[in-house]
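Peer 1: The structure follows.
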Amino acid sequence: MSRDTDLYEAIYAIVRLIPKGRVTSYGAIAAAIGMKSGARVVGYAMNHCHGVKPGVPAHRVVNRNGLLTGKHHFGTENEMQRLLEKEKIRVAEDKVQDFEKIFWDPAKEITEL
DNA sequence: GCGCTGACGGGAC
DNA sequence: TGTCCCGCCAGCG
């Protein structure tokens, strides 16, 4: 991985690795790529996910509080929640229910990276 | 080329 | 236990 978008590619790769019915946080992804304090950069990368080749399931990425902070960037606010509910993920008040239970740790799966 | 903002996180009060 | 403030990296005006 020696591309110019190495940072973004790593983030997109991790987000794409998120299993169906599971969610993760920006900080977890940031830590997985070595940016423990780069949670903002991860979120910013998601902002650029529009137009990405395979399509990044950004709807599975929420903040540390489990809140759908970026739902507003999906075009429609109900789009993100609808996708999550389609994944059998409980969503109420724009926040993921049982977030800690369905939480998927990327660093735990990409530990070899 | 400088400064601000932004889909966040964590520590301090 | 909850809320506020500061810190971080990168893109854009």
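Peer 1: With a sphere of radius 15 Å drawn around the Cβ of A:LYS86, what net charge do the other residues whose Cβ falls strictly inside it have (Lys, Arg +1; Asp, Glu -1)?
Peer 2: +4
Peer 1: Which is the longest part of chain A that has none of the GluC sites (Glu not before Pro) sitting in a DSSP loop with at most 10 other Cβ atoms within 10 Å?
Peer 2: A:1-92
Peer 1: When Rg is the radius of gyration of the Cα atoms in chain A and Rh is its Kirkwood radius, what does Rg/Rh come to?
Peer 2: With Rg and the Kirkwood Rh in hand, the quotient comes to 0.94.
Peer 1: Nearest 20 debye, what's the magnitude of the dipole of chain A about its Cα centre given +1 on Lys and Arg Cβ and -1 on Asp and Glu Cβ?
Peer 2: 160
Peer 1: Would you list which lysines come within 29 Å of A:LYS86, measuring only between C-alpha atoms, while excluding same-chain residues fewer than 8 positions from it?
Peer 2: Within the straight-line limit of under 29 Å, A:LYS86 reaches these lysines: A:LYS20, A:LYS53, A:LYS71, A:LYS95, A:LYS101, A:LYS108.
Peer 1: Net charge around A:ALA30, counting only other residues with Cβ within less than 14 Å of its Cβ (Lys, Arg = +1; Asp, Glu = -1)?
Peer 2: Residues near A:ALA30 contribute +2 overall.
Peer 1: With axes computed from alpha carbons, what is the tilt in degrees of helix A:6-16 against the longest principal axis of chain A, rounded to the nearest 10 within 0 to 90?
Peer 2: 40
Peer 1: Return the Rg/Rh ratio of region A:74-113 with Cα-based radii and a Kirkwood Rh.
Peer 2: Answer for region A:74-113: 1.11.
Peer 1: Let me ask you something else. Counting only helical runs of four or more DSSP H residues, what would the 222 nm mean residue ellipticity of chain A come to if each run contributes -39,500 (n - 2.57) and the total is spread over all its residues?
Peer 2: Only helices count here, giving -10500 deg cm²/dmol.
Peer 1: Next question, about the same structure. Which one of A:GLY43, A:GLY27, A:ASN78 is farthest out on the positive end of the charge dipole of chain A, using unit charges on Cβ (Lys, Arg +1; Asp, Glu -1) and the Cα centre as origin?
Peer 2: Positive-end residue among those listed: A:ASN78.
Since every read-out is calculated from the coordinates, none of them should be taken as a lab result. Every value quoted in this text rests on a predicted model; they were computed, and no experiment measured them. Glycine also receives a Cβ, built like all others from the backbone with ideal geometry; neighbour counts cover every protein chain displayed.
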